[in-house]
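Have a look at the structure below before the remarks.
Read-outs throughout are calculated quantities, based only on the coordinates presented, and are distinct from any laboratory measurement. As the structure is a prediction and not an experimental result, all values here were calculated from the model. Counting neighbours? That spans all protein chains shown, and the Cβs are built from the backbone with ideal geometry, glycine included.
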Amino acid sequence: MNSPAPFRSHALALLPNNGQPDLLFVLLHGQGANAAQMRPLAQALQAQYPQAAVLSIDGPAPDARLPGGGAGFQWYGSEDGADEAQQVAAALPDFIATVRAWADKFELSWDRVALAGFSQGAILALEAVQAEAQLAGRVLAFGSRYARLPEQAPQDVCLHFFHGMADEVLPYPHVVEAAQTLLQLGADVTADIRPGIGHELHAELIDKAMTQLRTFVPARLWREAVLAAAEQEQIKH
């Protein structure tokens with residue numbers, strides 16, 4: 001399979017055995033890792049959604065913290081003292097183009113696309129749906145936060161946060177603050193914080209993500225159902 005530019009290397013792709021995918025999950029690893037870090041989540045998603053395309057891709061640049069780049073990658077720079085929000089903004093155009101290219105490849109509309117990231121990868125995913133309307137219908141953010149708290153809710157996007165209470169890299173109060181802010185802005189948001197879990201893509205958090213995907217109904221679908229019911233009532237009368 002040819003990968004859309006600019007993320008061509010080391011994509012982990014789990015695809016349906018037969019037929020076209022009906023969903024697309026794009027998975028984004030943490031800083032200093034690679035696509036393989038997201039394999040446990042990819043396998044859980046494939047098991048729950050066997051007709052989905054699940055793609056884990058490498059960040060576009062070697063991890064600047066490692067001498068010579070090492071074996072890990074990053075989604076954007078992380079220099080000390082630099083403005084993270086600006087660094088994320090600089091990385092967004094290429095990332096958004098990549099998500100669009102994969103969706104086009106599988107002939108899927110934006111609402112059939114979900115982004116799932118850990119740590120830095122999730123920061124990029126969260127900021128992407130803030131910056132670009134109708135990019136993805138859901139974001140699963142593990143052990144993460146915003147580069148800058150949002151001032152408006154992303155339209156028709158469900159945001160799911162999963163965090164360990166023992167995370168010392170990105171402490172969980174960041175998630176509490178983000179969820180409270182998003183609720184005040186009218187967003188579709190859930191936040192699951194589990195004790196005894198550190199900064200990791202923990203199996204318990206993955207299990208909770210699968211539950212949220214199965215059970216959480218987007219507000220957009222409720223609105224559509226209400227409108228459809230109203231139209232049926234008008235037809236009856």
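A few points about this structure:
- Taking other residues whose beta carbon is less than 14 angstrom from the beta carbon of residue 152, and scoring Lys, Arg as +1 and Asp, Glu as -1, yields -4.
- Paramagnetic label zone (point 7 Å from Cα along Cα-to-C-beta, residue 85; backbone N under 15 Å) in region 148-166: 148-153
- In order along region 142-150, the phi-based Karplus estimate (6.51 cos²θ - 1.76 cosθ + 1.60, θ = phi - 60°) of 3J(HN,Hα) comes to 9, x, 9, 6, 7, 5, 8, 4, x Hz; Gly and Pro are listed as x.
- Sparsely packed GluC sites (Glu not before Pro) within region 132-218, loop by DSSP, other Cβ within 10 Å at most 11: 151, 168
- Cα-projected label distance for residue 166 with residue 180, points at 7 Å along beta-carbon direction, nm: 2.6
- Amide proton proximity set for residue 189, modelled H, under 5 Å, gap of 5+: 159
- Whole-angstrom gap from region 18-61 to region 88-119, using each part's C-alpha centre: 12
- Shown in residue order for region 35-52 are the 3J(HN,Hα) couplings computed by the Karplus curve 6.51 cos²θ - 1.76 cosθ + 1.60 at θ = phi - 60°: 4, 5, 4, 8, 4, x, 5, 4, 5, 5, 5, 5, 5, 7, 10, x, 9, 8 Hz (x for Gly and Pro).
- Net charge of the neighbourhood of residue 42, taken over other residues with C-beta under 15 Å away and scored Lys/Arg +1, Asp/Glu -1, is -1.
- Mean separation of Cα contacts under 8 Å (6+ apart) over length of region 85-228, as relative contact order %: 19
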